[in-house]
Amino acid sequence: MAPGDQLTRAQWIEIGQEAAKEFGIDKNQYISVLHKDTAQPHIHIVANRVGYDGRVASDSNSYARMAAFCRRMEKKYGLKQVLSPRRFLSEKEKQIPRQDLRKLRLKEKIVEALKEARDFAEFERRMKAQGYRIDKGPGIAFEDDKKVRINCGQTDI
């Protein structure tokens, strides 16, 4: 969900049930869990792909199907529309700048470390203290404590 958007518990339950129907697992064992551990509340659905009738639910094109499902739920519940994963966007939509909170946080940490560091070794120590590992090569990459890697080109950060 977009920052500022909210849903009731009942609405989250409805969305979980509709997602189960959308993916053909509504007659299977599944559980839907609401997570509020990030800035954007979200649900996780864990399901047995094999239904009680022995049929297997298809997971083909699941990312594209989930992106389309999310857009429909945003409209249904009057939420702000959030961009789909880039690979499912049209060429025009891919030109819209995306706000990536991880990159914004990383940029802040880099600027902070650069202001204080006298050399690369000190910069690297300061970034490590902030929870980032640095990979040097024909470019530079940062990996956070959750193993999320951000490769940086000249215009990325």
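The values are calculated or read from the model by the stated rules, or taken from the named source; none is laboratory data. Worth saying up front: this structure is predicted, and the values here are computed from it rather than measured. Every residue, glycine as well, gets a Cβ built from its backbone with ideal geometry; the counts of neighbours run over all protein chains shown.
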On the basis of being surrounded by 13 or more Cβ atoms within 10 Å (Cβ to Cβ) and either more than 20 Å from the chain's Cα centre (by Cα) or at positive phi (or both), does Glu74 make the cut?
no
Going through segment 13-56 one residue at a time, which ones are of a type in the set (Val, Ile, Thr) and under 27 Å from Gln81 (Cα atoms)?
Ile13, Ile15, Ile25, Ile31, Val33, Thr38, Ile43, Ile45, Val46
Filtered residue count, segment 57-80, keeping only those that are under 16 Å from Pro3 (Cβ atoms) and charged (D, E, K, R)
2
So, of the residues in segment 29-56 that are assigned to a strand (DSSP E or B) and at pLDDT below 90, which turns out to be farthest from Met1 (Cα to Cα)?
His35
For the condition surrounded by 13 or more Cβ atoms within 10 Å (Cβ to Cβ) and at pLDDT 90 or above, what is the one hit in Asp26, Asp59, Asp5?
Asp26
Considering only segment 95-116, I want to know if a residue exists there that is more than 23 Å from the chain's Cα centre (by Cα), at pLDDT 75 or above and of a type in the set (Gly, Ala, Ser).
yes
Out of the residues in segment 34-56 that are of a type in the set (Val, Ile, Thr) and surrounded by 11 or more Cβ atoms within 10 Å (Cβ to Cβ), state the one that is nearest to the chain's Cα centre (by Cα).
Ile43
